[in-house]
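Enquirer: The following block contains the structure, expressed as structure tokens.
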Amino acid sequence: KYGIQCDWKKGYATLALNERRMDDLIEMEKASHATFGYDKMQLWDKAKLKQHLGSDIYVGGLYDSNSGHLHPLNYCLGLAKACLDLGVQIYEQSPVVDLVEKSGCIEVKTDKSAVISQDVILATNAYIDALPKSIHHGINRKILPVESFIIATEPLDQATADSVINNGMSVCDNNILLDYYRLSADNRLLFGSDSSSEKDMVQIMRSNMLHVFPQLENVQIDYGWAGPIDMTLNASPHFGRISPHIYFAQGYSGHGVALTGLAGRIIAEAILGNDERLRIFEGLKVPSFYGGKSLKNLATKIGVLYYKFLDRYR
Ligand SMILES: Cc1cc2nc3c(=O)[nH]c(=O)nc-3n(C[C@H](O)[C@H](O)[C@H](O)COP(=O)(O)OP(=O)(O)OC[C@H]3O[C@@H](n4cnc5c(N)ncnc54)[C@H](O)[C@@H]3O)c2cc1C
């Protein structure tokens, strides 16, 4: 609709590292077909997968021809431009420090000024712990921030790129703390993993990448970066309302910009008077985590170890 140039490419595969995890994918395919009538998924055995992916570590996968991937920063900049073209005003570098509900409006205070608003959406993702309680009203208890790391190789020549992925798809394994990767438009391999903070993450990520694609031994890593993603305890998203005009969306639990876009649309619908879809999300049970900030940090570390254990042995 807005002609956003963000390298959108169709094709996505979820891959299983052992037969038990493959059974999960078989169940997923069955359920998506039976429950939602979705017919764009194909189960691939090891031989079929090898036709498109140059790795030996997987037993098979579930390919979805209707899903895909994009360049998230260019998508974000494109959305911002579309908003500006429609007359929206965006204020950067203006952290909100308080929200005051008054009759018929909400005062949104920054450290320098204030905006009077009819509706407010809290969309601070994994950074919610930094807000005062007068803003978040305790919804920070629903999420644990977990670090995700990503590296980008140098641009690969076409033969090397094809030896990795030859059909343009993006890929995740179906671990809880997962590896995810794709080729960018300029043929870099972007390789990410969820984990806990460790020293020299680029080296750790490089060895994760070489475990999957040993043929990249001599390829240079040009970039590496990290940031928090917001996990809920049961990996369910957490969308809702703190009061009739203060909405929130968080708990994307690794589903990234597909789910954030959906959250934006559903909350926009509710603000415009149709909250049917928001109410469905409000009905999802999301357990709370109780404890202060240091306990939360400890819980994140223990949670990461626990998820690693489950990933290895289940
Ligand atoms: C390393 C890494 C790799 C990732 N890779 C992928 C990927 O390949 N595919 C994918 O789909 N997703 C990926 N994700 C996840 C994706 O980035 C997030 O799901 C997405 O950015 C969430 O969007 P958001 O708008 O909800 O939150 P964010 O993009 O995190 O934005 C939250 C905003 O809130 C602002 N904020 C915080 N406090 C305040 C305050 N007091 N006042 C005003 N503003 C405030 C912050 O400045 C920030 O701009 C990745 C994440 C990381 C960290």
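Enquirer: Please go through the stretch 203-226 and pick out each residue that is within 14 Å of the ligand (Cβ to nearest atom) and hydroxyl-bearing (S, T, Y). Steps first, please.
Expert: So the first thing to find is which residues in the stretch 203-226 are within 14 Å of the ligand (Cβ to nearest atom), and the list is 204-205, 208, 223-226.
Scanning the stretch 203-226 gives a single hit, Y223.
Enquirer: Quick check, is L15 in a strand (DSSP E or B) and in the same structural domain as S184 (by TED's automatic domain parsing)? Reasoning before the result, please.
Expert: Numbers: in a strand (DSSP E or B): yes; in the same structural domain as S184 (by TED's automatic domain parsing): yes.
Yes: the conditions hold for L15.
Enquirer: Follow-up question, since we're still on this one. Would you check which residues across the stretch 227-279 are within 14 Å of the ligand (Cβ to nearest atom), surrounded by 15 or more Cβ atoms within 10 Å (Cβ to Cβ), closer than 30 Å to L178 by Cα and hydrophobic (A, V, I, L, M, F, W, C) and list them?
Expert: Those that are within 14 Å of the ligand (Cβ to nearest atom), surrounded by 15 or more Cβ atoms within 10 Å (Cβ to Cβ), closer than 30 Å to L178 by Cα and hydrophobic (A, V, I, L, M, F, W, C): I229, M231, F239, F248, A249, V257, L259, L262, A263, I266, I267.
Enquirer: Now for a different question. Just checking, which of K285, K296 is modelled with pLDDT of 85 or more and under 22 Å from P145 (Cβ atoms)?
Expert: Exactly one residue qualifies, and that residue is K285.
Enquirer: Only one residue in A258, A268 is closer than 27 Å to K10 by Cβ and over 19 Å from the mean Cα position of the chain (by Cα), so which one is that? Working first, answer last.
Expert: Numbers: A258 fails: over 19 Å from the mean Cα position of the chain (by Cα).
Just a single option satisfies the conditions, and that option is A268.
Enquirer: Can you spot a residue in the stretch 276-289 that is of a type in the set (V, I, T) and either touching a residue at least 12 places away in the same chain (Cβ under 8 Å) or under 30 Å from V59 (Cα atoms) (or both)?
Expert: First, pick out the residues of the stretch 276-289 that are of a type in the set (V, I, T): 280, 286.
So of that shortlist, the ones also either touching a residue at least 12 places away in the same chain (Cβ under 8 Å) or under 30 Å from V59 (Cα atoms) (or both) come out as 286.
Yes - at least one qualifying residue is present in the stretch 276-289.
Enquirer: Can you name every residue in the stretch 140-179 that is surrounded by 21 or more Cβ atoms within 10 Å (Cβ to Cβ), β-branched (V, I, T) and at pLDDT below 95?
Expert: Scanning the stretch 140-179 gives I143, V146.
Enquirer: Is it the case that R182 is modelled with pLDDT under 95 and either more than 23 Å from the chain's Cα centre (by Cα) or of a type in the set (K, R) (or both)? If you could, list the steps in order and put the result at the bottom.
Expert: Values: modelled with pLDDT under 95: no; either more than 23 Å from the chain's Cα centre (by Cα) or of a type in the set (K, R) (or both): yes.
Considered against the rule, which asks whether it is modelled with pLDDT under 95 and either more than 23 Å from the chain's Cα centre (by Cα) or of a type in the set (K, R) (or both), R182 comes out as no.
Enquirer: Within the stretch 63-73, identify whether any single residue is assigned to a helix (DSSP H, G or I), under 24 Å from Y127 (Cβ atoms) and of a type outside the set (S, T, N, Q), and answer yes or no. Walk me through how you get there before you give the answer.
Expert: Filtering the stretch 63-73 for residues assigned to a helix (DSSP H, G or I) gives 72-73.
From what's left, under 24 Å from Y127 (Cβ atoms): 72-73.
If we keep only those that are of a type outside the set (S, T, N, Q) too, we end up with 72-73.
Within the stretch 63-73, one or more residues are assigned to a helix (DSSP H, G or I), under 24 Å from Y127 (Cβ atoms) and of a type outside the set (S, T, N, Q).
Enquirer: Still on this model: Taking the options T35, T14, name whichever one is exposed (fewer than 11 other Cβ atoms within 10 Å of the Cβ) and β-branched (V, I, T).
Expert: On the way: T14 fails: exposed (fewer than 11 other Cβ atoms within 10 Å of the Cβ).
Just one listed residue meets the conditions, T35.
Enquirer: So which pairs qualify, if the first residue must be in the stretch 132-161 and at positive phi, the second must be part of a strand (DSSP E or B), the Cβ gap must be under 8 Å, and the two must be at least 6 apart or on different chains?
Expert: What qualifies is H137/I242.
Enquirer: Still on this structure, please answer the following. Condition first: outside any loop (DSSP other than H, G, I, E, B) and among the aliphatic types (A, V, I, L, M). Now tell me which residues in the stretch 251-294 satisfy that. Before you say what the answer is, go through the steps one by one.
Expert: Our first condition is that a residue be outside any loop (DSSP other than H, G, I, E, B); within the stretch 251-294, this holds for 256-271, 276-282, 293-294.
Passing the criteria: V257, A258, L259, L262, A263, I266, I267, A268, A270, I271, L278, I280.
Enquirer: Answer yes or no as to whether L84 is within 14 Å of the ligand (Cβ to nearest atom) and either loosely packed, with under 15 Cβ neighbours inside 10 Å or assigned to a strand (DSSP E or B) (or both). Write out each step before concluding.
Expert: Values: within 14 Å of the ligand (Cβ to nearest atom): no; either loosely packed, with under 15 Cβ neighbours inside 10 Å or assigned to a strand (DSSP E or B) (or both): yes.
Considered against the rule, which asks whether it is within 14 Å of the ligand (Cβ to nearest atom) and either loosely packed, with under 15 Cβ neighbours inside 10 Å or assigned to a strand (DSSP E or B) (or both), L84 comes out as no.
The values are calculated or read from the model by the stated rules, or taken from the named source; none is laboratory data. Remember, it's a predicted structure, so these values are computed and weren't measured experimentally. Methodologically, a virtual Cβ is constructed for each residue, glycine included, from the backbone with ideal geometry; neighbour enumeration extends over all protein chains shown.
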